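Report on one structure; see the data block that follows.
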Amino acid sequence: MTDTLKLCPFCASPAEMIREKPRQWRVRCNRKPWPCFALGPIADSRRKATGLWNHRPVPKLTKAERDRNVAIVRALCPPTPRPGLRAREDKHE
Ligand SMILES: [Zn+2]
């Protein structure tokens, strides 16, 4: 039985199983051409490594915490202007 690996939780790219040592497995992001370096915990079997990678704890956030996180992400990752489109967010009239 092979459990399917979920996509990377950070960049939504496919993930891959790697063997660190003879009995140490972990899952990592397999984004091409550059991985985002997301690594799952080390486990002593493929099955356990898959389970650890696929387990996604959902943080319980208050609305204020969620709003703060969204504001941080927006500040760090401003929208990329696309060729042919004028940036509208910088215009203040
Ligand atoms: Zn990734």
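Table for the structure above
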quantity: Rounded FRET efficiency, nearest 0.05, which uses the C-beta distance separating PHE10 from ARG74 and R0 of 25 Å; calculated: 0.90
quantity: Relative contact order, percent, region 1-58 [alpha-carbon distance under 8 Å, six or more residues apart]; calculated: 30
quantity: Cα-based shape type of region 1-78, given that a ≥ b ≥ c are square roots of the gyration tensor eigenvalues and the cut on a/c is 1.5; calculated: prolate
quantity: Length released on extending from ILE18 to ARG46, taking residue separation times 0.36 nm less the Cα-Cα span; calculated: 9.2 nm
quantity: Separation of the VAL58 and CYS36 label points, Cα + 7 Å toward Cβ, nm; calculated: 1.9
quantity: Between region 4-23 and region 28-78, the Cα center-to-center distance that results, in Å; calculated: 12
quantity: Rounded to the nearest 20 debye, dipole of region 1-78 from Cβ charges on Lys, Arg, Asp, Glu; calculated: 60
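Values in this text are rule-based calculations from the coordinates and carry no lab data. Just so you know, these numbers come straight off a predicted model, no measurement behind them. All Cβ positions, even for glycine, are placed from backbone atoms using ideal geometry, and neighbour counts span all protein chains on display.
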